[in-house]
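Below is one structure, written out as structure tokens, with a few remarks after it.
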Amino acid sequence: MTDQHDPRDLPESVRRIVDEIENEIGDNGHAPDASAPPGPGANGGIEAAVRQILVEIGEDPGREGLLGTPGRMHRLYHELTAGYHVDPERLINRAIFEVGYSEMVVVKDIPFYSLCEHHLLPFFGSAHVAYVPDGRVIGLSKIPRIVEMYARRLQVQERMTQHIADFLMDRLEPKGVGVVLEATHLCAAMRGVRKPGTVMTTAAVLGLFRRNDKTRAEFFAHIGRPAPGA
Ligand SMILES: [Zn+2]
């Protein structure tokens, strides 16, 4: 899915989000190019499809309040899926350091907003990410960006949880990784399938976090949640 477009082809608003995820604040990666073409999907396809949805649900796409809606949704969907265009190499660029530190590193309560791929409705909540280094650590600010890269795609919560864990395991090669996501899904809450406010929790544990009960228990204690099966 990634890198299917020349990065120069991204709409400016999407380019800006990708830049924010890839680069530290104040780090001049590559400045958005205002003269760049509007980007993928700029052929009016999304606009036409949204107008058709409006017609199908009995609305009038020509009424004043809806005139700008197809264009707004076009921009919105490109922004909410900007994670497809993030280059992981740029994201972690120069931010992995050799360190003797070998205790668990925990970053918790990382807010995220994503779109469920079954309904294109938001699911949102908090991510908690931990790893035990094996001679290398990653800059702390990078972990929320990794979450953001995966959140800004069409997702299912279980896969997003696993992908964050796999990414850290592959790139950092730590002794282990633990990831917990807690999220409310509007597709469920709004349709009354679950009670509003019901939070779905998913977890992915790799390496030491999978093998070692004490490591896993330490992680869940850090984030103040009961360990699965405990
Ligand atoms: Zn859904």
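Test Ala227 against the stated conditions and say whether it is farther than 30 Å from Leu76 by Cα, among the aliphatic types (A, V, I, L, M) and assigned to a strand (DSSP E or B).
It is false that Ala227 is farther than 30 Å from Leu76 by Cα, among the aliphatic types (A, V, I, L, M) and assigned to a strand (DSSP E or B).
Considering only residues that are at pLDDT 95 or above, among the β-branched types (Val, Ile, Thr) and not in a loop (DSSP other than H, G, I, E, B), which ones fall in the range 11-58?
Across the range 11-58, the qualifying residues are Val50, Ile53, Val55.
Anything in the range 155-181 that is within 16 Å of the ligand (Cβ to nearest atom) and either under 25 Å from Val99 (Cβ atoms) or in contact with a His (Cβ under 9 Å, 6 or more places away or on another chain) (or both)? List them, or say none. Spell out the reasoning first.
Of the range 155-181, the ones within 16 Å of the ligand (Cβ to nearest atom) are 155-161, 181.
Selection gives Gln155, Val156, Gln157, Leu181.
Sort through Pro61, Pro70 and tell me the only one that's over 30 Å from Gly139 (Cβ atoms) and not in a loop (DSSP other than H, G, I, E, B).
The unique qualifying residue is Pro70.
When you check Leu206 against the structure, is it part of a strand (DSSP E or B), over 12 Å from the mean Cα position of the chain (by Cα), under 19 Å from Pro228 (Cα atoms) and aliphatic (A, V, I, L, M), yes or no?
yes
The values are calculated or read from the model by the stated rules, or taken from the named source; none is laboratory data. Just so we're clear, the structure is a prediction, and the values are computed from it rather than from any experiment. Glycine gets a Cβ as well: all are built from the backbone with ideal geometry, and neighbour counts include every protein chain shown.
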